[in-house]
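**Q** Please see the structure below; I have some questions.
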Amino acid sequence: MFDEKKSEISLTGVLALLILSACLGAIFWQANHANTSADATLARIQKAGTVRIGFANEAPYGYLDTSSGKVTGEAPEIAKAILKRMGVEHVEPIVADFGSLIPGLKAKRFDIIAAGMYITPTRAQEISFSNPSYAIGESFIVKAGNPLELHGYEDVRDNPNAKLGVMGGSVEQGYARDMGVDDRQVLVFSDYNSAILGLKGGQIDAVAATDLTVNDLLQKQASDEIEKATDFHDPVIDGQSIRGYGAFGFRQEDVALRERFDEELAQFIGSPEHLQLVKRFGFDQSTLPGNMTAKELSKAP
């Protein structure tokens with residue numbers, strides 16, 4: 001005889017097993033697809049045709065052109081060219097202090113850092129980087145005549161009276177520490193214009209920055225009070241002369257976006273179009289990154 005009650009219980013059991021199986025399947029799928037948000041970010045910006053980029057108002061890497069009111073510089077211009085190839089026509093720039101760029105990216109204030117940020121192992125623990133778009137050395141801005149004869153970080157280290165200005169969150173702050181400069185000799189500024197004022201006002205004896213930043217700052221200052229340090233020695237850390245490699249920053253979960261960006265970047269860097277685009281910012285064949293990769297630069301020494 002057909003038992004309706006048993007059949008109902010049996011059917012309920014089967015449904016429960018099916019639901020449990022579906023839930024477990026979803027859990028296993030999620031575990032094996034940890035980067036689904038990466039696909040979502042890439043899809044979102046391609047569908048909207050717009051992306052937010054963060055920059056730190058540091059020429060020539062990424063800055064606001066006051067005459068046009070538009071963001072420009074090496075990094076934003078390359079970003080625009082690459083993103084256009086990806087089907088993203090509109091770039092929404094968001095300015096932040098350099099030290100706030102990584103927290104801002106992680107907090108999703110913007111989707112890409114386009115500020116010429118150097119790839120370092122410490123930063124690579126927090127965000128992912130594209131392959132580099134340039135490589136460059138360091139320099140100092142000093143008082144006219146370079147009275148303390150500061151030609152490198154070791155000169156600051158060896159003179160306890162010397163004071164060095166750096167921008168907050170910059171690699172120069174780390175270089176000073178790695179080269180043995182006492183923290184009490186290093187003054188941190190929110191931007192380079194403030195550091196220049198500090199130099200002119202006697203708070204510091206030198207400003208540390210990349211060679212291109214130094215050139216740009218001195219060109220804009222047109223002051224006989226300060227000058228570029230001659231015969232500058234790039235810092236030597238762990239037996240290697242340091243050369244900085246700048247790149248674009250991405251959230252670590254945005255794997256698909258970074259990989260797609262890197263695909264286009266590989267075809268673009270070193271091309272006639274690229275060299276013509278960045279020429280006006282002081283970049284040329286000598287600043288090309290060669291075969292260096294983000295993976296290699298992200299490794300801890």
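The values are calculated or read from the model by the stated rules, or taken from the named source; none is laboratory data. Computed from a prediction, not measured in an experiment: that's the story for all the values here. Don't worry about glycine lacking a Cβ; one is built from the backbone with ideal geometry, like all the others, and counts go over all protein chains shown. Surface accessibility is based on the protein's heavy atoms, side chains included, excluding ligands, DNA and RNA. Shrake-Rupley method; radii C 1.70, N 1.55, O 1.52, S 1.80 Å.
**Q** Given the residues LYS163, LYS143, which is the only one that is touching a residue at least 40 places away in the same chain (Cβ under 8 Å), open to solvent by 10 Å² or more (accessible area, probe 1.4 Å), among the basic types (Lys, Arg) and under 15 Å from LYS228 (Cβ atoms)? Explain how you work it out, then say what you get.
**A** Working: LYS163 fails: under 15 Å from LYS228 (Cβ atoms).
Result: LYS143 is the single residue among LYS163, LYS143 that is touching a residue at least 40 places away in the same chain (Cβ under 8 Å), open to solvent by 10 Å² or more (accessible area, probe 1.4 Å), among the basic types (Lys, Arg) and under 15 Å from LYS228 (Cβ atoms).
Results for (1) of a type in the set (Phe, Trp, Tyr); (2) open to solvent by less than 50 Å² (accessible area, probe 1.4 Å); (3) closer than 21 Å to GLU172 by Cα, shown as yes or no for each residue.
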site	(1), (2), (3)
GLY246	no, yes, yes
GLU253	no, no, no
ASP262	no, yes, no
LEU277	no, yes, no
ARG280	no, no, no
GLN285	no, no, no
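**Q** Which is in the same structural domain as HIS274 (by the TED database) and over 25 Å from ILE136 (Cα atoms), of PHE98, PHE110?
**A** Numbers: PHE98 fails: over 25 Å from ILE136 (Cα atoms).
Every option except PHE110 fails the conditions.
**Q** So, one more: Given (1) part of a loop (DSSP other than H, G, I, E, B); (2) farther than 23 Å from GLU273 by Cα, identify the lone condition not met by GLU154.
**A** Going through the list (1) part of a loop (DSSP other than H, G, I, E, B); (2) farther than 23 Å from GLU273 by Cα, GLU154 breaks only (1).
**Q** I've got another one for you. Looking only at the range 95-109, count how many residues are farther than 22 Å from THR213 by Cβ and in a loop (DSSP other than H, G, I, E, B).
**A** Number of matching residues: 3.
**Q** Every residue in the range 248-287 that is closer than 23 Å to ASP216 by Cβ and touching a strand residue (DSSP E or B) at 6+ places or on another chain (Cβ under 7 Å), please.
**A** Listed by number, the residues that qualify are PHE248, GLY249, PHE283, THR287.
**Q** Right, something else. In the range 65-91, what residues are open to solvent by 70 Å² or more (accessible area, probe 1.4 Å), modelled with pLDDT of 95 or more and in a strand (DSSP E or B)?
**A** If the condition is that a residue be open to solvent by 70 Å² or more (accessible area, probe 1.4 Å), modelled with pLDDT of 95 or more and in a strand (DSSP E or B), then HIS90 is the only one that fits.
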